[in-house]
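Trainee: Here you go, one structure.
The values are calculated or read from the model by the stated rules, or taken from the named source; none is laboratory data. Source: prediction; values computed, not measured. Backbone-built Cβ (ideal geometry, glycine too); neighbour counts: all protein chains shown.
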Amino acid sequence: MSLLDDPGLFGRLWAAGYDNGSNPDPAPAVDFLEGLADGGPVLELAIGTGRVALPLAARGLAVEGVEASEEMVARLRAKPGGEQLPVAIGDMADVPVSGPFTLVYLVYNTLFNLVRAGRQEECFRNVARVLAPGGAFVIETYVPDPVDMERTEQQVQVWDVTEDSATIRLHRFDRAAQTFVRQTIRFDGAGVHLKPFGMRYAWPEQIDQMAAQAGLRLAERYADWHRRPFDAESTSHVSVYRRG
C-alpha cells in the first residue's frame, strides 16, 4: 500500500500550520452552502480545522463532520464552538455516519485527495446513501489545465531560501492515471524534512459521471462560490448534485 493511501497523512503533516497558510476566505462558501442547507442537518467531508464548518454552524445549522486526521480535529476542538461539532474520525470516502443529511459538501479540491483508483466513486456512492431525498452534494475543485498536462513529467519549484534553510517542491505526474505526487522538502539545521502529497484529478464531466453512477444528478454548476457562470475558460467549479 502506498503512503498516500493513508487518509490521515495530510493532517499529520500539515495540521500545525494549516490555519496559517493561504486558505481562501470561507465566507462566500458559507453563504452558498447556507442557502442550500434547507435547515440541515449538514455534513462536511474532510472537515479539517473547521474553516467552513464553524461559521456555518454559527448561523444556526446542525453541522457534523468526517475527518481522518486527529491532529486536524484537535485544532478544530480548540476553536470557539469546536467542542460542540460531532466529528467521526475516518476516511471521507467511507462516509462513516448515518444521516440523513439535507446537504453534504466537500470543498477546496479535497475530492482529488482520494488517490487510489475507485475511491472517488466510492465517496459518491456513500454520500448518496446518507443524503435525504432531494438533498444536495456540493463539490468544489479546480479544472485541470490542458496546457499544464503538456508540461514535462517532473517539475521543480523553489519555495523559500534563507540563510539557514531552503524549501523546494517537486512534482511527478502520471498523465494516464491522472495523478501526481508532490514532495515538499525543507533543508535546515535539524536535517531534511519531507511532506509528501498526492492527487487524482478529474475533469468536470468525469465527476458528473461518478455522480450519475451513484444515482445523483447535476443540478447546478458555477465557476465559483459567487455563482459566476461556468464556461470553457473557468479554472474551477462549484457543482451541486441532487439525489432524486
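Trainee: All but one of (1) free of Cβ contacts under 8 Å to residues at least 12 places away in the same chain; (2) within 19 Å of the chain's Cα centre (by Cα) hold for Tyr142; state the number of the condition that does not hold.
Mentor: (1)
Trainee: Could I ask something else about it? What number of residues within segment 17-42 satisfy the criterion of being aliphatic (A, V, I, L, M) and touching a Lys or Arg at 6+ places or on another chain (Cβ under 6 Å)?
Mentor: The total comes to 0.
Trainee: Kindly provide the set of residues from segment 114-136 that are over 13 Å from Gln213 (Cβ atoms) and not aliphatic (A, V, I, L, M), ordered by number.
Mentor: Correct list: Arg116, Arg119, Arg129, Pro133, Gly134, Gly135.
Trainee: Take the residues in segment 229-244 that are of a type in the set (D, E, K, R) and surrounded by fewer than 12 Cβ atoms within 10 Å (Cβ to Cβ), then tell me which one is modelled with the lowest pLDDT.
Mentor: Glu233
Trainee: Which members of segment 209-218 meet the condition of being more than 20 Å from the chain's Cα centre (by Cα) and surrounded by 14 or more Cβ atoms within 10 Å (Cβ to Cβ)?
Mentor: Residue satisfying the conditions is Gly215 alone.
Trainee: Let me confirm something: among Pro41, Pro26, which residue is touching a Phe, Trp or Tyr at 6+ places or on another chain (Cβ under 6 Å) and either of a type outside the set (Lys, Arg) or not assigned by TED's automatic domain parsing to the domain that holds Arg116 (or both)?
Mentor: Going through Pro41, Pro26 in turn, just one is touching a Phe, Trp or Tyr at 6+ places or on another chain (Cβ under 6 Å) and either of a type outside the set (Lys, Arg) or not assigned by TED's automatic domain parsing to the domain that holds Arg116 (or both): Pro41.
Trainee: Looking at Ala223, Ala202 in this structure, which one is surrounded by 15 or more Cβ atoms within 10 Å (Cβ to Cβ) and in contact (Cβ under 8 Å) with a residue 24 or more places away in the chain?
Mentor: Ala202
Trainee: If I filter segment 23-38 for residues that are under 16 Å from the mean Cα position of the chain (by Cα), on the phi > 0 side of the Ramachandran plot and surrounded by 14 or more Cβ atoms within 10 Å (Cβ to Cβ), do I get at least one hit?
Mentor: No - not one qualifying residue is present in segment 23-38.
Trainee: Return only the number of the condition from (1) surrounded by fewer than 23 Cβ atoms within 10 Å (Cβ to Cβ); (2) part of a helix (DSSP H, G or I); (3) free of Cβ contacts under 8 Å to residues at least 60 places away in the same chain that Leu56 does not satisfy.
Mentor: Only one criterion in (1) surrounded by fewer than 23 Cβ atoms within 10 Å (Cβ to Cβ); (2) part of a helix (DSSP H, G or I); (3) free of Cβ contacts under 8 Å to residues at least 60 places away in the same chain is unmet by Leu56, namely (1).
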